[in-house]
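See below for the structure under consideration.
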Amino acid sequence: MQQHINEKIEQFFRDYEKRFRDGLAGNVDTASITSAFADCFIEASPLGVHCGKNDAAFREAIPKGYDFYKGIGTTKMTIGHVTITALDDLHYMALVHWQSYYTKKDQTEVTIEFDVTYFLQHRNEELKIFAYITGDEQKVLQERGLVS
């Protein structure tokens, strides 16, 4: 059973990676993106803890997020690996190692690697992100000269 859920979680994040790639290419599938999230979710970072709702405002923010990433030169985001920890029969923690690739305005290539810890609930054969923990993305983007 554990192997099955691990494969399902890995596929969940491969699909997430594909949606990001598609979004950067201008094919934003808002419905598919929002379906990966619970009705409400929590984001934690060095900037604090923020509560989000999977609502109209979230749906409206998604294309703007892709516009931001394209605007700073993001060319792709890939997953290096996913480390899964079962918390109980319904809840899982997934540490996802991402690589992000950028082309700066001077055509310099930049690669940034980072981890995001996601918390997932598996109910009714569906996985939903209900929380995630990130580093200080804006600080790293500033340090690499991608944003001012």
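Side notes on the structure shown:
- Among 137, 125, 17: highest mean-square fluctuation, GNM of the chain, C-alpha pairs under 10 Å: 125
- Shape of the chain, Cα gyration tensor, a/c cut at 1.5: prolate
- Percent antiparallel among DSSP beta bridges (both partners in the chain, rounded to 5): 90 percent
- Gain upon complete extension [residue 93, residue 59; 0.36 nm per residue less C-alpha separation]: 9.8 nm
- The chain: calculated mean residue ellipticity at 222 nm from DSSP helix runs of at least 4, using -39500 (n - 2.57): -11000 deg cm²/dmol
- The lysines within cross-link reach of residue 104, meaning a Cα-to-Cα straight distance under 27 Å and a gap of 8 or more places when in the same chain, are 18, 64, 70, 76, 139.
- J(HN,Hα) series, segment 139-148, from Karplus relation 6.51 cos²θ - 1.76 cosθ + 1.60, nearest Hz, glycine and proline x: 4, 5, 4, 5, 4, 8, x, 8, 9, 9
- Fewest-first sequence of 120, 90, 47, 127 by Cβ atoms within 10 Å of each Cβ: 90, 47, 127, 120
- Net charge dipole, the chain: roughly 420 debye, given to the nearest 20, about the Cα centre with Cβ charges of +1 for Lys and Arg and -1 for Asp and Glu.
Values in this text are rule-based calculations from the coordinates and carry no lab data. Predicted, not measured: the structure shown is a model, and the values here were computed from it. Backbone-built Cβ (ideal geometry, glycine too); neighbour counts: all protein chains shown.
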